[in-house]
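Just so you know, all these numbers are worked out from the coordinates, no wet-lab data involved. Remember, it's a predicted structure, so these values are computed and weren't measured experimentally. Heads up, the Cβs are rebuilt from the backbone with ideal geometry, glycines too, and the neighbour counts pull from every protein chain shown.
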Amino acid sequence: MTQIILGENEGIESALRRFKRKVSHAGIFPDMKKSRYFETPEQKRKRKEVARHRQRKRSFRN
């Protein structure tokens, strides 16, 4: 579960922006989409290929 704690004088807009960024980094939206729509085998292959590429890129940075 993703949550944020509001600062003393923080506006709702900036808090919402931080929340969206955290949700995006956590990978919640792709997970929701995956369970909501039917995915063709070709789409599944492409999604996994992009994930592998992203993972490989991350491992090189560290």
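Observations on the structure shown:
- Computed [θ] at 222 nm, helices only, for the chain once each DSSP H run of length n ≥ 4 contributes -39500 (n - 2.57): -24000 deg cm²/dmol
- For the chain, the C-alpha radius of gyration sits at 1.52 times the compact-globule guess of 2.2 N^0.38 Å, with N the residue count.
- Förster radius 30 Å - calculated FRET efficiency between ARG61 and ARG21, Cβ distance, rounded to 0.05: 0.95
- Inter-site label distance for GLN3 and GLN43 at 7 Å from Cα along Cβ, in nm: 3.4 nm
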